[in-house]
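Below you'll find the structure, written out as structure tokens, and then a few comments.
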2 protein chains.
Amino acid sequence: MSEYGTHDKDGISVGIVAKKTFTFAEPPRQMSLDSGKKLGPITLVYETYGELNKDRNNVVMVFHALSGNSHAAGYYTEKDDKPGWWDNMVGPRKGIDTDKYFVVCSNIIGSCYGSTGPSSINPATGRAYGLDFPLITIADMVRAQKALIDHLGINKLLCLVGGSIGGMQAIEWAVSYPKMVESVIPIASTCKRSALAIGLSEAQRQAIMADPSWKDGGYYGTAIPEKGLALARMIGHISYLSEDSMHRKFGRRLHENNAFKYDFSGDFQVESYLQYQGKKFVERFDANSYLYITKASDYFDLGEQRGRGSLVEAFSRCSAKFLVLSFSSDWLYPTAQSKEMVRAMKKAGIDVSFCEIDTDFGHDSFLLAHNQLTRLISGFLNRMSHMSEGNGPA
Amino acid sequence: MSEYGTHDKDGISVGIVAKKTFTFAEPPRQMSLDSGKKLGPITLVYETYGELNKDRNNVVMVFHALSGNSHAAGYYTEKDDKPGWWDNMVGPRKGIDTDKYFVVCSNIIGSCYGSTGPSSINPATGRAYGLDFPLITIADMVRAQKALIDHLGINKLLCLVGGSIGGMQAIEWAVSYPKMVESVIPIASTCKRSALAIGLSEAQRQAIMADPSWKDGGYYGTAIPEKGLALARMIGHISYLSEDSMHRKFGRRLHENNAFKYDFSGDFQVESYLQYQGKKFVERFDANSYLYITKASDYFDLGEQRGRGSLVEAFSRCSAKFLVLSFSSDWLYPTAQSKEMVRAMKKAGIDVSFCEIDTDFGHDSFLLAHNQLTRLISGFLNRMSHMSEGNGPA
């Protein structure tokens with residue numbers, strides 16, 4: 001893959017990859033959702049890297065976060081500037097080694113990267129769903145992924161790995177389909193979002209819904225609510241960083257002539273950075289998807305929904321082994337929430353390892369290249385892989 | 001003041017108070033601002049509680065924060081539901097004892113509670129200033145307050161007390177007019193806002209400016225940018241609380257039938273609380289004032305502006321004694337920033353005491369009744385008062 005030598009410091013990449021699609025739940029066999037509504041047909045866009053082995057026991061599922069997609073690694077064309085969002089982790093001889101594992105990454109329902117979501121065409125009307133799209137939950141996303149995994153003829157999942165709401169999906173999988181899941185790595189995740197996190201995501205939704213271009217979600221084919229979505233991203237982006245990383249990256253540096261402009265266009269570098277993050281995001285993400293996915297993450301409450309109020313009871317359904325990872329500077333899903341998860345797992349008799357990674361980069365640390373994170377994941381996968389071989393094929 | 005027994009747990013109050021006004025800087029004698037622009041005439045609305053003693057050495061200035069006003073204590077009429085914003089601290093036998101001290105609280109310039117700000121009439125046009133109002137700084141606010149204090153015939157200030165940007169004003173006073181200021185109590189304050197705090201206030205400004213009703217600040221006499229201002233307040237309000245206080249106050253409690261509604265109207269109590277805070281705020285605050293005051297707080301950088309980059313040099317101008325107070329759960333102006341201030345003061349040879357108050361209520365803790373806070377302030381004032389008497393009248 002030498003043609004990607006300029007993109008990849010390690011000089012290794014899964015190379016050229018392609019989106020695949022799987023469509024199911026065709027009416028009248030629609031999928032039932034937690035809300036009581038039904039959805040179908042459902043298309044999932046997904047990608048795979050590496051090869052499924054003969055015993056079909058080398059499958060690693062990777063779950064993306066809020067604004068991610070199925071493109072976890074590699075390039076679509078030779079001209080692409082950037083590889084998939086977790087290319088530093090997924091590839092030959094990387095943390096999730098595609099020479100050993102068959103990696104599957106599916107775009108979640110509700111998203112805007114090809115899987116069925118509010119911007120998809122509603123077959124009942126011939127127009128985009130908009131707010132006619134039913135509210136979804138993390139469990140609904142997982143239910144759809146299960147259909148894909150069945151379709152691929154896979155019935156053992158060596159490991160499920162995901163950061164943030166990707167971690168929620170991984171955990172939900174382990175509780176919903178315990179016989180299929182051998183191990184899970186939730187990273188910077190939580191079993192339920194705090195009031196602070198819900199407040200922050202509600203502020204982001206209000207930003208979108210306050211934009212007159214949002215038109216109750218019916219903006220498709222007209223001007224999009226770009227100001228609202230950009231502002232939502234600004235707020236979200238702040239919550240993904242940490243005070244220290246923002247201090248180091250920007251401090252109080254000004255961006256013009258080192259003098260105050262005395263107007264409202266933005267004096268500080270951190271302001272123009274956040275404005276830029278907001279504007280860039282609008283080009284790649286759908287405002288309604290932002291509403292649906294943040295809402296799904298707010299709804300997630302594993303103990304309440306799977307354990308009649310008890311996280312221990314919820315985890316007692318699982319037989320998977322866990323490696324729980326948190327970041328010291330993550331204030332959105334702080335380490336305390338990972339520790340709470342680990343305590344419940346231990347009480348439920350689960351084989352769990354936990355590590356808080358010391359880093360200043362906040363919640364978003366899971367997306368950054370980080371040696372310790374890579375080593376922990378590859379080491380755990382290695383252990384799971386040997387145990388799985390010891391057990392023989394399923 | 002028995003008629004306020006229902007309002008005041010202690011049964012003591014400064015009673016009925018009245019707004020006073022002072023107008024100065026009449027053209028052509030306008031006040032020069034840090035931006036290089038000029039402003040005038042300037043009206044300050046202020047209130048006083050207690051009596052100025054013969055020696056005129058019992059003056060305590062209280063400074064309000066972003067959305068506060070001159071009404072720190074007491075009631076305007078017997079029918080008022082609520083007293084001034086710091087009534088739990090300011091009054092007879094309270095933390096700032098109006099039986100002993102003459103308390104002055106002035107509404108800052110840029111605000112919307114009577115002092116000259118963007119919603120005031122611009123005498124040059126006969127219409128509200130809007131964005132023709134010049135950008136202001138904390139030092140500009142203090143310069144205007146100095147004119148008021150001169151007008152009142154006061155040349156010694158026993159103590160300056162303020163929380164948040166009220167603390168910035170108190171510190172700026174001590175550096176700008178060192179001979180007048182005997183002591184200062186900055187509470188939950190900072191000598192410069194972090195990149196995180198600037199990012200958060202920029203998001204709040206963007207919320208206002210993205211509202212089409214804002215009309216580049218020219219909304220007076222038409223619909224106000226209520227959605228934008230409400231959202232700004234929501235974001236701000238989150239930053240004034242703490243994860244723990246939000247958890248205790250709301251957790252993940254739902255507000256209707258204890259079931260998800262599966263729509264975007266808000267399921268969780270924390271959502272409707274923040275929505276309510278936003279809506280309520282719109283009734284009492286001006287969107288442009290919000291822009292100007294947040295910008296002034298972002299600009300504040302004592303070391304840069306008063307010490308050629310050195311906080312120690314800035315403080316070496318002061319002769320005042322300091323009591324610096326922070327709150328353990330304040331993540332907007334965290335304790336580390338108060339400690340940085342204290343270290344610089346010590347290096348500058350200042351007599352400074354510091355206390356981090358252990359509380360879960362976040363940045364806004366200074367507005368809440370808190371015994372330790374009250375005792376620390378009253379004890380410090382007592383000490384300053386005795387020292388001042390020992391020195392004899394100025």
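The values are calculated or read from the model by the stated rules, or taken from the named source; none is laboratory data. It should be emphasised that the depicted structure is a prediction, and the values quoted were computed from it without experimental measurement. Neighbour counts run over all protein chains shown; Cβ positions are idealised from the backbone, glycine included.
Looking only at residues in segment B:309-324 that are over 30 Å from B:Pro134 (Cα atoms) and without any contact (Cβ under 8 Å) to a residue 60 or more places away in the chain, which one is surrounded by the fewest Cβ atoms within 10 Å (Cβ to Cβ)?
Quick first cut of segment B:309-324, residues over 30 Å from B:Pro134 (Cα atoms) only: B:312, B:316, B:319-324.
Right, trim to without any contact (Cβ under 8 Å) to a residue 60 or more places away in the chain and you get B:312, B:316.
On the way: B:Val312: 16, B:Ser316: 19.
Across segment B:309-324, the extreme among qualifying residues is B:Val312.
Note on segment A:184-228: residues that are in a helix (DSSP H, G or I), of a type outside the set (Ser, Thr, Tyr) and within 12 Å of chain B (Cβ to nearest Cβ) total 21.
Select from segment B:174-183 the residues that are in a loop (DSSP other than H, G, I, E, B) and touching a helix residue (DSSP H, G or I) at 6+ places or on another chain (Cβ under 8 Å) and write down the one among them that is nearest to the other protein chains (Cβ to nearest Cβ). Break it down stepwise before answering.
Within segment B:174-183, the subset in a loop (DSSP other than H, G, I, E, B) is B:177-180, B:182.
Then keep just the ones that are touching a helix residue (DSSP H, G or I) at 6+ places or on another chain (Cβ under 8 Å); that gives B:177, B:180, B:182.
Numbers: B:Tyr177: 23, B:Met180: 27, B:Glu182: 31 Å.
Filtering first and then ranking leaves B:Tyr177.
Beta carbons closer than 8 Å, at least 6 apart along the sequence or on distinct chains, pair a first residue in segment A:175-189 that is farther than 19 Å from A:Glu313 by Cβ and surrounded by fewer than 24 Cβ atoms within 10 Å (Cβ to Cβ) with a second that is among the hydroxyl-bearing types (Ser, Thr, Tyr) and at pLDDT below 95 for A:Glu182/A:Ser388.
If you go through segment B:234-276 and keep only what is touching an Asp or Glu at 6+ places or on another chain (Cβ under 8 Å), in a helix (DSSP H, G or I) and more than 7 Å from chain A (Cβ to nearest Cβ), you end up with B:Tyr240, B:Asp244, B:Ser245, B:Arg248, B:Gln275.
Among the numbered conditions (1) surrounded by fewer than 21 Cβ atoms within 10 Å (Cβ to Cβ); (2) touching a residue at least 60 places away in the same chain (Cβ under 8 Å), tell me where A:Leu241 comes up short. That leaves (1) as the condition not met.
Of all residue pairs spaced 6 or more apart or on separate chains, those with beta-carbon atoms under 8 Å, a first member in segment A:325-346 that is without any contact (Cβ under 8 Å) to a residue 60 or more places away in the chain and a second member that is surrounded by 18 or more Cβ atoms within 10 Å (Cβ to Cβ) and β-branched (Val, Ile, Thr) are A:Ser328/A:Thr335; A:Ser328/A:Ile357; A:Ser328/A:Thr359; A:Val342/A:Val324; A:Val342/A:Val352; A:Met345/A:Val324; A:Met345/A:Val352; A:Lys346/A:Val352. Within segment A:177-188, identify whether any single residue is of a type in the set (Gly, Ala, Ser) and under 30 Å from A:Thr359 (Cα atoms), and answer yes or no. The answer is yes, given that some residue of segment A:177-188 is of a type in the set (Gly, Ala, Ser) and under 30 Å from A:Thr359 (Cα atoms).
Which residue is farthest from the chain's Cα centre (by Cα), if the candidates are limited to segment A:267-308 and must be crowded, with 19+ Cβ neighbours inside 10 Å and of a type in the set (Ser, Thr, Tyr)? Restricting to residues being crowded, with 19+ Cβ neighbours inside 10 Å and of a type in the set (Ser, Thr, Tyr), the top hit is A:Tyr273. Among the residues of segment B:373-388, are any among the hydrophobic types (A, V, I, L, M, F, W, C) and surrounded by fewer than 17 Cβ atoms within 10 Å (Cβ to Cβ)? Checked segment B:373-388: at least one residue is among the hydrophobic types (A, V, I, L, M, F, W, C) and surrounded by fewer than 17 Cβ atoms within 10 Å (Cβ to Cβ).
Within segment B:120-135, being surrounded by fewer than 22 Cβ atoms within 10 Å (Cβ to Cβ), within 23 Å of the chain's Cα centre (by Cα) and more than 18 Å from B:Phe24 (Cα to Cα) holds for B:Gly130, B:Leu131. Picking from residues in segment A:277-290 that are more than 13 Å from every other protein chain (Cβ to nearest Cβ) and among the hydrophobic types (A, V, I, L, M, F, W, C), the one that is nearest to A:Tyr219 (Cα to Cα) is A:Phe285.
Of the residues in segment B:213-236, at least one is of a type in the set (D, E, K, R), surrounded by fewer than 23 Cβ atoms within 10 Å (Cβ to Cβ) and in contact with a helix residue (DSSP H, G or I) (Cβ under 7 Å, 6 or more places away or on another chain). Scanning segment B:20-64 for residues that are of a type in the set (D, E, K, R) and either surrounded by 22 or more Cβ atoms within 10 Å (Cβ to Cβ) or within 27 Å of B:Ala188 (Cα to Cα) (or both) returns B:Asp34, B:Glu47. Please verify whether A:Lys279 is at pLDDT below 95, in contact with a helix residue (DSSP H, G or I) (Cβ under 8 Å, 6 or more places away or on another chain) and not aromatic (Phe, Trp, Tyr), treating the condition exactly as stated. Here the answer is no, as A:Lys279 does not meet what is asked. Annotation for segment B:130-149: no member residue is over 21 Å from B:Leu66 (Cα atoms), part of a loop (DSSP other than H, G, I, E, B) and not small (Gly, Ala, Ser).
Among the listed residues B:Ile171, B:Ile138, B:Ile109, identify the single one that is within 14 Å of chain A (Cβ to nearest Cβ) and either under 20 Å from the mean Cα position of the chain (by Cα) or surrounded by 24 or more Cβ atoms within 10 Å (Cβ to Cβ) (or both). From the options B:Ile171, B:Ile138, B:Ile109, the qualifying one is B:Ile138. For segment B:309-329, does any single residue satisfy the condition of being farther than 24 Å from B:Phe63 by Cα and at the interface with chain A (Cβ under 10 Å from one of its Cβ atoms)? Looking for residues that are farther than 24 Å from B:Phe63 by Cα and at the interface with chain A (Cβ under 10 Å from one of its Cβ atoms), one finds none in segment B:309-329, hence no.
Pairs linking a residue in segment B:67-84 that is touching a residue at least 60 places away in the same chain (Cβ under 8 Å) to a residue that is loosely packed, with under 14 Cβ neighbours inside 10 Å and among the acidic types (Asp, Glu), with Cβ atoms under 8 Å and 6 or more positions apart or on different chains, are B:Glu78/B:Glu3.
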